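One structure is given here, and the rest of the page talks about it.
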Amino acid sequence: MDNLRNILKKINIKGELRFDESMSMHTTFETGGPADIYTAPADEDELLALVKAVRSAGIPAFILGGGANLLVSDLGIRGAVIDMKNLSAIKIDDGNFICQAGAPVDSACEAALEAGLGGLDAFYGMPGTIGGAVWMNARCYGISVSDIIRSVKYADSSFNCITRSFAADDFSYKLSPFQGGDSIILEAVFSLPPKDRKEIKAIMHSNREDRRAKGHYSGPSAGSVFKNNRDFGKPSGVIIDSLGMRGTKIGKAKISDGHANIFINTGGASSEDIYRLIKLTIDRVSSAYGYLLEPEVQLIGDFSYIR
Ligand SMILES: Cc1cc2nc3c(=O)[nH]c(=O)nc-3n(C[C@H](O)[C@H](O)[C@H](O)COP(=O)(O)OP(=O)(O)OC[C@H]3O[C@@H](n4cnc5c(N)ncnc54)[C@H](O)[C@@H]3O)c2cc1C
């Protein structure tokens, strides 16, 4: 690791480079221990050079979007965290709506509104970046990212930059072809139909208000903790709610009073508190109904020490 620190210090990085950076500053749960290396490359060339240097040294590189779907261990992340935040350009070119991966979803929604293009409006108010939304195949108000995506530009594990379109069945509910691999999403092109600006604005406003009413913004969280599973017949939140678990606390982590599938950091929670609450919920639902809830939140780093 010291060797890599020296290599990185020698690369004349235009973006940010820090060591032992607390991940609590980069996750919407506001928890998580230190990353050995944190870097926010200034542009695509620097991003690829950095990831290549890190991975060639045999050190893992974790790609960070907005940190809106992450539970990072209190022990932190070994290796490098590469923050995409500076790759955030949005442009419209020949009918294509093109977003760099680090563009915040809300910024993309606002740019689409300005251009009078519909489709992204459903995603307004969802924290995170375009890259994270593609990787997660995020879904809001009945629309998945895969419903509106035209193509994705990404760097594969050999750092070849590829632009390709995907078939409908390459994606499914909260699953994308990028999960389980180490490709880096660089850019997404969306297929957005023209739509009346007033209508777009009304949808954006009503979705944001609906989220507010459901308590999405009532404290640091990562949105829904568990995926929904059609086989269970009901949304995960309804199942958890049926066990009277709203308001359940472990340490400073709490199941939201407003929505049983949203867990909140009430102030000073550790990732361990949240992890234990996740495990408790899985165990209670499994004992009551035999259903095994699947976390949607990505567990990053080592949680194996928690019994
Ligand atoms: C209040 C609130 C409400 C939410 N509501 C919803 C909702 O309605 N629907 C929904 O689907 N989700 C929702 N979420 C969860 C979250 O917003 C989404 O999952 C979002 O898409 C995560 O994007 P991100 O940029 O924050 O990704 P991160 O959390 O940073 O990363 C998620 C995963 O994507 C990978 N990744 C990110 N960017 C890249 C890239 N460029 N290349 C390769 N891999 C990458 C990361 O390595 C990680 O594995 C909500 C979260 C909050 C806090």
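Number of residues in the range 20-45 that are assigned to a helix (DSSP H, G or I), of a type in the set (S, T, N, Q) and out of contact with any Ser or Thr (no Cβ under 7 Å at 6 or more places or on another chain) equals 0. Of all the criteria given as (1) over 30 Å from S151 (Cβ atoms); (2) not in a strand (DSSP E or B), the one not satisfied by L17 is (2). Residues of the range 162-210 that are assigned to a helix (DSSP H, G or I) and among the charged types (D, E, K, R): D169, D170, R197, K198, E199, K201, R208, E209, D210.
Among the candidates D283, D257, D273, the residue that is touching a residue at least 12 places away in the same chain (Cβ under 8 Å), surrounded by fewer than 20 Cβ atoms within 10 Å (Cβ to Cβ) and not hydroxyl-bearing (S, T, Y) is uniquely D257.
For the range 219-253, give me each residue that is away from the ligand (no atom under 15 Å from the Cβ) and charged (D, E, K, R). Answer for the range 219-253, where residues must be away from the ligand (no atom under 15 Å from the Cβ) and charged (D, E, K, R): R230, D231, K234, D241, R246, K249, K252.
Restricting to the range 288-305, give me the number of residues that are assigned to a loop (DSSP other than H, G, I, E, B) and of a type outside the set (S, T, N, Q). Give the steps one after another, and end with the answer.
Let us first name the residues in the range 288-305 that are assigned to a loop (DSSP other than H, G, I, E, B), namely 290-294, 296-297, 301-305.
Cutting the leftovers down to of a type outside the set (S, T, N, Q) gives us 290-294, 296-297, 301-303, 305.
Of the residues in that region, 11 qualify.
Of all the residues in the range 130-139, those that are within 6 Å of the ligand (Cβ to nearest atom) and either closer than 11 Å to I185 by Cα or of a type in the set (A, V, I, L, M, F, W, C) (or both) number 6.
Here the range 91-129 is the region considered, the condition is being of a type in the set (G, A, S) and within 13 Å of the ligand (Cβ to nearest atom), and the residue that is nearest to G215 (Cα to Cα) is G125.
Tell me which residues, restricted to the range 46-83, are within 11 Å of the ligand (Cβ to nearest atom) and either assigned to a strand (DSSP E or B) or assigned by TED's automatic domain parsing to the domain that holds G181 (or both). Selection gives A61, F62, I63, L64, L70, L71, V72, I77, V81, I82, D83. Among residues of the range 158-184 that are touching a residue at least 24 places away in the same chain (Cβ under 8 Å), those with a beta-carbon under 9 Å from a residue that is exposed (fewer than 12 other Cβ atoms within 10 Å of the Cβ) and part of a helix (DSSP H, G or I) at least six positions away or on a different chain give the pairs Y173/R230.
The values are calculated or read from the model by the stated rules, or taken from the named source; none is laboratory data. None of these values were measured; they are calculated from a predicted model. Backbone-built Cβ (ideal geometry, glycine too); neighbour counts: all protein chains shown.
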